[in-house]
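Asks: Can you read through this structure? Questions will come right after.
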Amino acid sequence: MAVRPRFHVAVFLAPAVLVYTAVMIFPLFNTLRLSLYARGGTGPVFAGLENFRTLFGDPHWSAAFWNALGNNVWFFVIHMAVQNPIGIGLAAILSHPRLRFATFYRSAIFIPTILSFVIVGFAWKLILSPIWGIAPSMLDAVGLKSLYAPWLGKEDYALTTLALISVWQFVGIPMMLIYAALLAIPEGVLEAGEIDGITGWAAFWRIKLPLVLPSIGIISILTFVGNFNAFDLIYAAQGALAGPDFSTDILGTFLYRTFFGFQLQLGDPHMGAAIATAMFAIILAGVCLYLFLIQTRLRRYQF
Amino acid sequence: MNRARTSRLNTVAAHAALLAWTAIALFPVFVILVNSFKTRRAIFAEPLSLPSEATFSMVGYRTVMAQGDFLLYFQNSLIVTVGSLTFILLFGAMAAFALSEYRFRGNMLMGLYLALGIMIPIRIGTVAILQMMVATGLVNTLTALILVYTAQGLPLAVFILSEFMRQVSDDLKNAGRIDGMNEYAIFLRLVLPLVRPAMATVAVFNMIPIWNDLWFPLILAPGEATKTLTLGSQVFIGQFVTDWNAVLSALSLAILPVLVLYVLFSRQLIRGITSGAVK
């Protein structure tokens, strides 16, 4: 029955499209535009690519930018190298059909994911603090006290420590998604493998893992986007200065400091917009790479 | 025999691994909660033991209650979260219905346009968002936060809900039309009740990130009257760094509401994730 869709379609679409356009899409492009302006005496003046010349050309700015980007890449690498394997491992164990208490484990392991960065940042800061001494005394109990260092306060370790804290917090997400993907594999496929003598570890590596690759791809791109606009954890644990000595500075904290100013430097919305534009370019590049190169090559199986 | 033994060994190993990670996951929460009920001396002397009669103390909670406006913060967070969820669900469902039900020119394009926001984080536009909120006088209002979170949540909501709405049978809707229902009534009375599970999934997915966000409260609504619980506890803890009782109590108070929400909705959340709503 062909209802002539006219007026009511607009009514249904209008609120979502209006809010989304006004609060998300328009500011996004406006931010890109603002990066081409600079503060003048009476108001913003068009400056072309001047802000980007400063960002990449000025030794101070470019050093800060590359430091933040480098740290961000390392942050992402740690997530990919630690969070995903642990998540896959936990999911593989959980998906065992006759495992008892699976619901309990699943719910408990997901708890850190629901906590705010403020809680997570401070809680770990307290636990790792040399003043409170929980971490050193626990290491002492297993005879490893010599390994202890005030990790969050050392330039060499702080970023890795924060990345691992973030891994601790978010490991629940890959675990859940992979778990769901593993449960979706039909019994028949695994039984066919069993008949061919593929069981246990071999079944995991040669049947299950290839079948959940698309999920791993989705997790990777979610992690990528999440990491490259991360801010809260670093801010909560180390403050806007991302100490010690900017060793934990990532693009999000760099943007925040530039935009709002800190200590003696005044905030500059146009330089902030330039950094946001760079972040946009990085995230867009990552998403496109995923959509056009990785997702199209991953084979999806329909059961 | 041999086979049975290895399988039992596997089970033990599986439980050991899961228990170990569960302990790692819960340990910080446990330490914070337990120590928030202890005297300062006991916090440092035996951080890992439960509070006993001698070490029990609520002094931290008293400081928090006296110093911080936690009830107000909590109320702000609640208003922002519930308000945003309402708009995400209502506007998202309406748009999803339009996209899944009607064929009109630009339908595909509109769907793609709305889906853009799934991958591009709204934070990138912060500079211009703040400018806009300053220009419209919405800085330091909860409305600003509700608007931002609604815009942030809509893309995924439209995407998930339109997937589900495509599965609602056409016969049902056409029967409604023959009975003289108009399109609004079909949406409200036939389709919405049928996609309730999907709505719940969308709500649970959005609830926690909104409640926990620090970035937008910090930038758009840092005023005392509009602080959310996340920002409020961040500021409070920053000021009371050396008062361990107060810090631990503030952390516990911040953990509590999320934990309650999680206990209430974990089934929904986990079902949402595992049913493949985000594929």
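Asks: Please build a GNM for chain A, connecting alpha carbons under 10 Å apart, and tell me which residue among A:T160, A:T248, A:T42 fluctuates the most.
Replies: A:T42
Asks: Ignoring ligands, DNA and RNA, please state the percent of accessible area on segment B:165-279 from carbon and sulfur, probe 1.4 Å.
Replies: On the way: 2870 of 4770 Å².
The C+S portion of the solvent-accessible surface of segment B:165-279 is 60 percent.
Asks: Still on this structure: Nearest 100 Å² is fine: how much accessible area is buried between B and A, summed over both sides, with a 1.4 Å probe?
Replies: Details: alone 16990 and 18080 Å², together 27120 Å².
Buried: approximately 7900 Å² between A and B.
Asks: Enumerate the calculated ³J(HN,Hα) couplings along segment B:205-222 in order (Karplus 6.51 cos²θ - 1.76 cosθ + 1.60, θ = phi - 60°), each rounded to whole Hz, writing x wherever the residue is Gly or Pro.
Replies: Karplus values, whole Hz, x for Gly and Pro: 4, 7, 4, 5, x, 5, 4, 8, 5, 10, 4, 6, x, 5, 9, 9, 9, x.
Asks: Taking a ≥ b ≥ c as the square roots of the Cα gyration tensor eigenvalues, with a/c under 1.5 meaning rounded and otherwise prolate when a/b beats b/c, else oblate, which class fits segment B:2-60?
Replies: Numbers: a/c = 5.34, a/b = 3.78, b/c = 1.41.
It comes out prolate by the Cα gyration axes.
Asks: For A:T42 and A:I131 in one chain, what is 0.36 nm times their gap in residues minus the Cα-Cα distance, to one decimal in nm?
Replies: Values: separation 89, 0.36 × 89 = 32.04 nm, distance 5.15 nm.
Full extension of this stretch gives 26.9 nm more.
Asks: Using a probe radius of 1.4 Å on heavy atoms only, what accessible surface per residue do you get for the protein assembly as shown? Whole Å² is fine.
Replies: Working: 27120 Å² over 582 residues.
Spelled out: the 1.4 Å probe surface of the protein assembly as shown, per residue, equals 47 Å².
Asks: Could you run the Karplus curve 6.51 cos²θ - 1.76 cosθ + 1.60 with θ = phi - 60° over segment B:229-234 and give me ³J(HN,Hα) per residue in whole Hz, x for Gly and Pro?
Replies: Here the 3J(HN,Hα) series is 4, 5, 5, x, 6, 4 Hz.
Asks: Based on the Cβ-Cβ distance from B:A200 to A:A141, what FRET efficiency comes out when R0 is 41 Å, to the nearest 0.05?
Replies: On the way: r = 44 Å, r/R0 = 1.08.
Efficiency at R0 = 41 Å is approximately 0.40.
Asks: Can you give me the angle between helix B:126-135 and the longest principal axis of chain B, using Cα atoms only, in degrees from 0 to 90, rounded to the nearest 10?
Replies: 80
Asks: Would you please report the Å³ per residue occupied by the convex hull of the alpha carbon atoms in segment A:48-185? Before the final figure, lay out each step's value.
Replies: On the way: hull volume 23.9 nm³, N = 138.
Dividing the Cα hull volume of segment A:48-185 by its residues yields 173 Å³.
Asks: Trypsin sites (Lys or Arg not before Pro) within segment A:267-301: which are DSSP loop residues with at most 15 other Cβ atoms inside 10 Å?
Replies: Filter output for segment A:267-301: A:R299, A:R300.
Asks: Sticking with this one: Would you please state the base-10 log of I(q)/I(0) at q = 0.07, 0.09, 0.11 1/Å for the protein assembly as shown, with intensities from the Debye formula using one equal scatterer on every alpha carbon?
Replies: Computed log10 I(q)/I(0) values: -0.47, -0.78, -1.15.
Asks: Here is a further query. Okay, helix-only estimate at 222 nm for chain A: each DSSP H run of n ≥ 4 adds -39500 (n - 2.57), divide by all residues, round to 500 deg cm²/dmol; what do you get?
Replies: Values: 16 runs with 186 residues, N = 303.
Estimated from H runs of four or more residues: -19000 deg cm²/dmol.
Asks: Distance in nm between label sites at A:R98 and A:E191, each 7 Å beyond Cα in the beta-carbon direction?
Replies: Simple spin-label model gives 1.7 nm for this pair.
Asks: Where a ≥ b ≥ c are the square roots of the eigenvalues of the C-alpha gyration tensor, would you call segment B:3-105 rounded, which needs a/c under 1.5, or, failing that, prolate if a/b is larger than b/c, or oblate? Show your work: numbers first, answer last.
Replies: Numbers: a/c = 6.15, a/b = 1.25, b/c = 4.92.
Judged from the Cα gyration tensor, segment B:3-105 comes out oblate (a/c at least 1.5, b/c at or above a/b).
Asks: Right, another one. Return the Rg/Rh ratio of segment A:84-297 with Cα-based radii and a Kirkwood Rh.
Replies: Details: Rg = 21.2 Å, Rh = 20.1 Å.
A ratio of 1.06.
Asks: Which GluC sites (Glu not before Pro) in segment A:144-228 sit in a loop by DSSP (not H, G, I, E or B) and have at most 16 other Cβ atoms within 10 Å of their own Cβ? Please report the intermediate quantities before stating the final value.
Replies: On the way: sites: A:E155, A:E187, A:E191, A:E194; in loops: A:E155.
Here the sparse-neighbourhood loop sites are A:E155.
Asks: Related question: Please report the projected area of segment A:163-247's Cα convex hull averaged over all directions, in nm². Let's see the in-between values first.
Replies: Working: hull surface 27.4 nm².
Averaging across all directions leaves 6.9 nm² for the Cα convex hull.
Asks: Counting other C-beta atoms within 10 Å, and keeping those with at most 14, which DSSP coil trypsin sites (Lys or Arg not before Pro) do you find in segment B:46-111?
Replies: Numbers: sites: B:R62, B:R103, B:R105; in loops: B:R103, B:R105.
Qualifying residues, ordered by number: B:R103, B:R105.
Asks: Quote the FRET efficiency, to the nearest 0.05, computed for A:A10 versus A:L284 with a Förster distance R0 of 41 Å and r equal to the Cβ-Cβ distance.
Replies: 0.85
Asks: Now for a different question. Over chain A, what percent of the accessible surface lies on carbon and sulfur atoms, probe 1.4 Å?
Replies: Of all accessible area on chain A, carbon and sulfur atoms account for 66 percent.
Asks: Here's another thing I want to ask about it. How high is the relative contact order of segment B:68-239, in percent, with contacts defined as C-alpha pairs under 8 Å that are six or more residues apart? The partial results should precede the final answer.
Replies: On the way: 158 pairs, mean separation 70.9, N = 172.
For segment B:68-239, the relative contact order is 41 percent.
Asks: Looking only at B:M199, B:M108, B:M65, which one moves most when chain B is put into a Gaussian network model with springs between Cα atoms under 10 Å?
Replies: Result: B:M108 has the largest fluctuation of those listed.
Asks: How large is the Rg to Rh ratio of segment A:126-174 when both quantities use alpha carbon positions and Rh follows Kirkwood? Working shown, then result.
Replies: Details: Rg = 12.0 Å, Rh = 11.7 Å.
Reported Rg/Rh, Kirkwood definition of Rh: 1.03.
Asks: Rounded, prolate or oblate: which fits segment B:68-239, taking a ≥ b ≥ c as square roots of the Cα gyration tensor eigenvalues, rounded meaning a/c under 1.5, else prolate when a/b beats b/c? If you can, show how the numbers build up before the last one.
Replies: Values: a/c = 2.78, a/b = 2.07, b/c = 1.34.
It comes out prolate by the Cα gyration axes.
Asks: I would also like to ask the following. Name the residues of segment B:81-115, by number, that are at least 20 Å² less accessible with every protein chain in place than in the isolated chain; the surface is that of heavy atoms, probe 1.4 Å, without ligands or nucleic acids.
Replies: B:F91, B:M94, B:A95, B:A98, B:Y102, B:F104, B:M110, B:Y113, B:L114
Asks: Right, another one. What angle, in degrees between 0 and 90 and rounded to the nearest 10, separates the Cα long axis of helix B:107-119 from the longest principal axis of the Cα atoms of chain B?
Replies: Approximately 10 degrees, to the nearest 10.
Asks: Ok, one more. Can you list the residues of segment B:138-180 whose accessible area drops by at least 20 Å² going from the chain on its own to the full set of protein chains, with a 1.4 Å probe?
Replies: Residues passing the criterion (a loss of at least 20 Å², heavy atoms only) are B:L147, B:A151, B:L154, B:N174, B:R177.
Asks: Could you give me D for segment A:202-277, from Stokes-Einstein at 4 °C and 1.567 mPa s, where the hydrodynamic radius is the Kirkwood radius over C-alpha pairs? Units µm² s⁻¹, please.
Replies: Working: Rh = 14.6 Å.
Using the Kirkwood radius from Cα pairs, D works out to 88 µm²/s.
Asks: Please build a GNM for chain B, connecting alpha carbons under 10 Å apart, and tell me which residue among B:D213, B:D179, B:D69 fluctuates the most.
Replies: B:D179
The values are calculated or read from the model by the stated rules, or taken from the named source; none is laboratory data. No experiment lies behind these values; they were computed from the predicted model shown. Please note: Cβ atoms are built from the backbone with ideal geometry, for glycine as well, and neighbour counts cover all protein chains shown. Heavy atoms of the whole protein, side chains included, go into the accessibility calculation; ligands, DNA and RNA do not. Shrake-Rupley method; radii C 1.70, N 1.55, O 1.52, S 1.80 Å.
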